[in-house]
Every structure is written in C-alpha cells, then in structure tokens.
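No lab work stands behind these numbers, since they all come straight from the coordinates. Computed from a predicted structure; not experimentally measured. Cβ coordinates were reconstructed from backbone atoms using ideal geometry, including for glycine residues, and neighbour counts include every protein chain displayed.
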C-alpha cells in the first residue's frame, strides 16, 4: 500500500467506457495527494483489465458478501451494490475510503479535499440530492408523499420505515468517503442484509445507507450538490472563460464531480448554454467533454478554481 487513501469504483465490460473516463480524470489530479485506485471487476474483458493494471493499484473480482433470496439469478453487476459496505474487507489497510461510481468523473480536484477532510474528522461525507437548480425541486408533491424514495424504503424495510424516512432528502451514494474504522460500515452492512431479504431494487444499498445515517444519526457531513452533481437533475452550464462545467445559476460554482447518473442519456449530445448565453452542444463523458472543451475553449485555464 502506497497511500492511506483508497479511491474505489466498479464496472463490468459494458460500463468500462465510463470507468475509463473516471480513471483518466483521477490520473489528472494524482499530484494533489497520494491515493491508491482500487476497482471491483464485475465482468471486464482481458483488454480492459490490462488497461486497469497500468492505472490501478488493486483490481479484484468480488463474490457475494451477503446471502439473499434468488442470489444465483442476480447479475454480476449487482455485486457493486452488495459489496459496497464491505470495501475495507476487499481492499484492507486504508485510513480513508472514497467511493466514486463509474459514471462519475472528477472535474475539480479540490472536491477530493472536501471528502477527505470530512473523513479525517470521523464523518461520512456524502452529497444530498437537493439543489435550487434540480428540476425535482419544482415538481408537485406526490399523493400521500409516496415518492420513489418512499417506495424504496417500503420495499426494503416496510411501510413504517417508509412513512418516517421517505420524506427525508436522498443522500446520493455515488460519491462518498468513510474512515476505514468507522462504525458506518457494519451498520450499513446490517441494514443492507435486512433489506436484501425483502427486495433487490437497484437503489437498495443507497436506501440502506440513508436509513443508517438518519435512523442511527451516524456522524455525517452532508455536502452541497456541486460535490456530486447529478446531470439528470440539472444540465450544467459552461464558463466562457475556462470551459468548466458549472452550476446553472449564479454564482456558477465549478462542479467538483460530474455524475452521469439516473435517466441521464450518457451517449447523447446535450444542448448546454454558457454563462454568456453561448450555445454548446456536447456529450458529457470525460474524454468527449475534454476534447470538446479543448476545441471550444483553446485558451482555457489548465486547472479549475479551488472549491
């Protein structure tokens, strides 16, 4: 082990293109602080493994860390959910673990400092899925409060838990940091084990973690949206001076982590606008946006402003 910090992600062969973007975005910020890059192999090809071997310090193929009904019928990529609370078991010996979904990439390296600083203080650092620019903030409320979040709690933990915690803001587990010895890991594992006996919905590990943080009042640092910007919730704006992706509204904070999550069309070109009103059509995967940024903003600053 060459660092006290492990950045962890996971992918199968179909998600590798996105994972590659994350890896390359991290390579660009390695000088900020030492970290090891650790990857769960959920079904990668030999060529894809060879690429990771040149960029990562550890690549492992996990089994099932929790037994649950119909486990033998679950796809391998579902191990990314089940193995999440057991990251220190698969990649032991680190002081801090920073998980990033494969469909996220780092634009501003200063955001990593935010996650690491919170973890060093004993907190889990995680961003809420709420922001003044997110379209969900302006929708009419669901009848009886039966949102998707309520449904996910109901499927995993029953009606009583859903009625109590369903209205709470969702904390997005696509980017988070946790101290290696924190109690969060075992609490999360216990909650996920309980939920998996009832349901196998795609956000079950996130729902289990949210329950732990709210029900047990575990130490948590809830970060602003720019620390894990969900592009399906609000399309970013572009800074004309440097080509950075920024918040849509003033003061146009640079996005730390760009997360192509949810129903977001990762492979589609999007119609973006710059702060000055310039129309920009581009894809937001790391490699394609970097190429587009270089062509549109050749004089762009080489690194983002500090968070």
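Only Cα sites of the stretch 33-178 enter the Debye sum here, all with the same form factor; the resulting log10 I(q)/I(0) across q = 0.14 1/Å is -0.91, listed in q order.
Averaging 1/r over every pair of different alpha carbons in the stretch 117-237 and inverting the result gives a Kirkwood radius of 15.0 Å.
Three principal axis extents describe the C-alpha atoms of the stretch 1-82; from largest down they are 45, 27, 16 Å.
The value given for the chain is a Kirkwood hydrodynamic radius of 19.9 Å, derived from the mean inverse Cα-Cα separation. What fraction, in whole percent, of alpha-carbon pairs in the stretch 227-296 exceed 18 Å separation? Value for the stretch 227-296: 28 percent of Cα pairs lie more than 18 Å apart.
Cβ-to-Cβ counts within 10 Å put 45, 235, 285, 54 in ascending order as 54, 45, 235, 285, the fewest first.
The gain in end-to-end length when the residue 120 to residue 77 segment is fully stretched comes to 12.4 nm, 0.36 nm per residue minus the alpha carbon separation.
DSSP finds beta bridges in the chain, and of those with both partners inside it, around 50 percent are antiparallel. The stretch between residue 291 and residue 240 holds 16.8 nm of extra length on full extension. This uses 0.36 nm per residue minus the Cα-Cα distance.
Neighbour counts of other C-beta atoms within 10 Å: give me 94, 153 arranged from fewest to most. Could the numbers behind the result be given before it?
On the way: 94 21, 153 25.
Going from least to most buried by this count: 94, 153.
Say each of residue 216 and residue 70 gets a label point 7 Å from the Cα, pointing the same way as Cα to Cβ; how far apart are those two points in nm? Here the answer is 2.8 nm between the modelled labels.
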